[in-house]
Amino acid sequence: MRKKILVGNWKMNNNLKESTSLVNDILSELPQNGVELVFSPSFVFLHNVVKLCKSYDNVFVAAQDCSEIQNGAYTGDVSAEMIKSCDVNYVILGHSERRNKYAETNYVITQKVNLSLSNNLKVILCCGETLEQREKKVHFNFIKSQISDTLFHLTTDQINNIIIAYEPIWAIGTGLTASKEQAQEMHAFIRKIIAEKFGSIFADNMSILYGGSCKPNNAKELFSQVDIDGGLIGGASLSKQSFIEILNSF
Ligand code: PGA
């Protein structure tokens, strides 16, 4: 069954004390609306956050990335296996900040997808076009290539452990949001290409999240679209009040 999911991607924000208090504050006001909640703190706080969430059935933790290498002499890198050993459930891969600021290619992201799945982590695979690509009307082809290059080699068993997050780059952290029509159109397109490759049952079961300046004032209209199953929230996940308001918008 397709799940409703809300992910808070904290990026490089919140120290240890801030991370634990934010989680505790949110957990103390958790609505029972069946939405799966995922916190994505910095690597260094994953284990602490996992411990805080352990007794909640519908609350999970995601790493914001992992290494494309299994293990070895890669100073500073964090492997999928290390992440899994902290009882983390998810990993966010292919975020546009990783693609653009760290030059991650679809090839690198594919290695990360494979290692994450083989370590029993579920993957939140991000895709999204630039404003220029949208204006040139090449955005559908671009999203299709991001998805096919990184996911189309998977088996149907593996595709069950993938969530896609559509995050138009022009909307991330800018205050600009895709309209509900633009977001729905792209989500339906993504579901269609997954159905063409893996079959409609797998596509129907897949949660597809929207990210890019999703806030309390626009979450309801975005989440009411038939192919939008939740959100990957950056800025608005850093405050208890706005994150809870978004959680109450389903
Ligand atoms: P934003 O970030 O909500 O601050 O736009 C979303 C994301 O990058 O995941």
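Taken together, the values in this text are just the output of simple stated rules run on the coordinates, not laboratory data. No experiment lies behind these values; they were computed from the predicted model shown. Every residue, glycine among them, receives a Cβ derived from its backbone with ideal geometry; neighbour counts consider all protein chains shown.
Taking the range 162-177 and a reference point 7 angstrom along Cα→Cβ of Lys11, the backbone N atoms nearer than 16 Å belong to 167-177.
Residue exposure proxy: Asp227, Asp204, ordered by other Cβ atoms within 10 angstrom of their Cβ from fewest to most, comes out as Asp204, Asp227. Listed from fewest to most Cβ neighbours within 10 Å, the set Thr75, Thr150, Thr130 follows the order Thr75, Thr130, Thr150.
With R₀ set to 41 Å, the beta-carbon distance separating Asn58 from Lys136 gives a calculated FRET efficiency near 0.50. So which chymotrypsin sites (Phe, Trp or Tyr not before Pro) in the range 70-139 end up in coil per DSSP with only 16 or fewer other C-beta atoms within 10 Å? Of the chymotrypsin sites (Phe, Trp or Tyr not before Pro), the ones in loops of the range 70-139 whose Cβ has at most 16 other Cβ atoms within 10 Å are Tyr74, Tyr102.
Please report how far the C-alpha centroid of the range 92-127 lies from that of the range 1-52, rounded to the nearest whole angstrom. Cα centroid of the range 92-127 versus Cα centroid of the range 1-52: 20 Å apart.
Taking amide H positions as modeled 1.01 Å from N, with prolines and chain starts lacking one, no residue 5 or more places away or on another chain lies under 5 Å from Val138.
For Lys3, give me every one of the lysines with a C-alpha distance below 17 angstrom, ignoring sequence neighbours fewer than eight places off in its own chain. Output for Lys3: Lys122, Lys220.
Let's see if you can work this out: charge +1 on each Lys and Arg Cβ, -1 on each Asp and Glu Cβ, no other charges. What is the dipole magnitude of the chain about its Cα centre, in debye to the nearest 20?
Its charge dipole is roughly 60 debye.
Ordered by the count of other Cβ atoms within 10 Å of each Cβ, fewest first, Met206, Met186, Met1 give Met1, Met206, Met186. Karplus-based coupling profile of the range 198-213, in residue order and whole Hz: 10, x, 6, 5, 5, 5, 5, 7, 7, 7, 10, 9, 9, x, x, 6, with θ = phi - 60° in 6.51 cos²θ - 1.76 cosθ + 1.60 and x standing for Gly or Pro. Treating only the Cα positions of the range 5-247 as identical point scatterers, give the base-10 log of I(q)/I(0) from the Debye formula at each q in 0.07, 0.11, 0.16 Å⁻¹. Here the Debye-derived log intensity ratios amount to -0.21, -0.53, -1.19.
Under 18 Å from a point 7 Å along the Cα-to-Cβ line of Leu27: which residues of the range 70-88 have their amide N that close? Within reach of a label on Leu27, which here means backbone N under 18 Å from a point 7 Å along Cα→Cβ, the range 70-88 contributes 86-88.
Per-residue ellipticity at 222 nm computed for the chain from its helices equals -11500 deg cm²/dmol, with DSSP H segments shorter than 4 residues left out and the rest contributing -39,500 (n - 2.57).
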